[in-house]
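The values are calculated or read from the model by the stated rules, or taken from the named source; none is laboratory data. No experiment lies behind these values; they were computed from the predicted model shown. Glycine also receives a Cβ, built like all others from the backbone with ideal geometry; neighbour counts cover every protein chain displayed. Note: areas computed on protein heavy atoms with side chains; ligands, DNA, RNA excluded. Shrake-Rupley method; radii C 1.70, N 1.55, O 1.52, S 1.80 Å.
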Amino acid sequence: MKAQLNNGLTLEYECFGSARDPAILLIMGFAAQLTHWPVNLCEALARDGFYVIRFDNRDVGLSSKLDNLKPPNLQWKGLQRAMGFTPKAPYNLNDMTSDAISLLDVLGIERAHIVGASMGGMIAQLAAIMYPRRVLSLTSIMSSSGNRKLPNPDKKIIKALMTPADDPNDPESVAQRLAINLKLLMSPLYPTSDADLLAKARVDTQRAYHPPGRMRQLAASLTATDRRKALRKLKIPVAVIHGDSDPLLPPAHGEDTARSIPGAQMHMIEGFAHDFPVQLMPRLAAIISENASRSKGRP
């Protein structure tokens with residue numbers, strides 16, 4: 001389904017459960033489509049009595065592509081950030097946060113439980129900061145507070161994630177590159193077979209593939225500011241979920257996020273990295289549901 005936002009963009013979204021139930025909005029991370037939210041997680045939350053919405057962020061999947069914007073110079077922006085400056089980008093995470101809230105407007109949802117993963121966790125945090133009356137609870141998964149003193153990602157991981165496919169115009173070559181990246185982020189205690197990773201990569205590549213959007217989203221992440229001061233003012237139930245084996249955002253990122261939010265509950269999961277292994281979805285669903293149950297918006 002498609003939602004036409006008041007800013008002119010169109011977001012692709014899918015829903016699970018009854019619209020009469022309290023809403024949970026799932027916000028995915030960098031360059032990841034709504035399909036990265038596992039169906040079994042969405043269905044488990046729906047069984048728990050929630051109306052679950054997952055969507056493609058701008059510039060990814062089947063949502064609007066902003067190809068009218070000038071492509072970012074990522075090397076220059078990375079250097080600016082390393083020097084302590086906040087570089088400019090075609091758009092920022094605040095803009096992407098407004099997209100998410102606008103989707104709730106289109107769906108007629110006044111308040112929702114917000115759940116975000118990785119870059120989506122940063123957007124979810126901003127939703128709670130920027131739109132406090134719209135957010136019932138916050139669950140931040142494999143994300144960060146924006147604290148620049150935290151450990152950097154594994155350099156080998158970053159290099160691999162930025163390596164293009166051998167033939168960017170060949171869907172099979174693109175899928176094989178994506179499968180390699182998925183394996184690098186895989187949870188060591190909950191492995192997925194190479195065949196299943198490639199099958200998932202093929203499905204995602206066939207659904208949508210748009211490298212320029214990926215670069216603009218990365219620029220938005222690079223320009224993100226430190227959210228710790230604002231996070232300290234949150235007065236809603238917050239759960240922080242992180243893996244002790246995350247190579248992209250090391251465990252200190254999750255711990256710092258939880259430490260920055262009064263009353264936040266930290267859930268550090270052994271053997272969990274930067275993916276969504278099917279074996280862990282019941283546990284994640286239980287944490288999200290329990291956190292939402294602490295909100296006044298949950299019957």
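Can you name every one of the helices (runs of 4 or more DSSP H) wholly within region 176-262 that holds 1 or more residues which are within 20 Å of residue 35 (Cα to Cα), open to solvent by 30 Å² or more (accessible area, probe 1.4 Å) and modelled with pLDDT of 95 or more?
194-207
If you go through region 93-116 one residue at a time, how many are assigned to a loop (DSSP other than H, G, I, E, B) and of a type in the set (A, V, I, L, M, F, W, C)?
Of region 93-116, the ones assigned to a loop (DSSP other than H, G, I, E, B) are 107-111.
Cutting the leftovers down to of a type in the set (A, V, I, L, M, F, W, C) gives us 107, 109.
So the answer is 2.
Could you check region 263-282 and list, in sequence order, the residues that are in a helix (DSSP H, G or I) and within 18 Å of the chain's Cα centre (by Cα)?
Of everything in region 263-282, those that are in a helix (DSSP H, G or I) and within 18 Å of the chain's Cα centre (by Cα) turn out to be 278, 280, 281.
Would you pick out the residues in region 1-41 that are touching a Gly at 6+ places or on another chain (Cβ under 7 Å), assigned to a strand (DSSP E or B) and among the aliphatic types (A, V, I, L, M)?
Answer for region 1-41, where residues must be touching a Gly at 6+ places or on another chain (Cβ under 7 Å), assigned to a strand (DSSP E or B) and among the aliphatic types (A, V, I, L, M): just 27.
For region 92-106, give me the residue count where each residue is in contact with a strand residue (DSSP E or B) (Cβ under 7 Å, 6 or more places away or on another chain) and surrounded by 18 or more Cβ atoms within 10 Å (Cβ to Cβ). Full working, then the answer.
First pass over region 92-106, keeping only residues in contact with a strand residue (DSSP E or B) (Cβ under 7 Å, 6 or more places away or on another chain): 99-100, 103-104, 106.
From what is left, the residues that are surrounded by 18 or more Cβ atoms within 10 Å (Cβ to Cβ) are 99-100, 103-104.
Looking only at that region, the number is 4.
Would you tally the residues in region 228-250 being touching a strand residue (DSSP E or B) at 6+ places or on another chain (Cβ under 6 Å) and not small (Gly, Ala, Ser)?
Counting residues in region 228-250 that are touching a strand residue (DSSP E or B) at 6+ places or on another chain (Cβ under 6 Å) and not small (Gly, Ala, Ser) gives 7.
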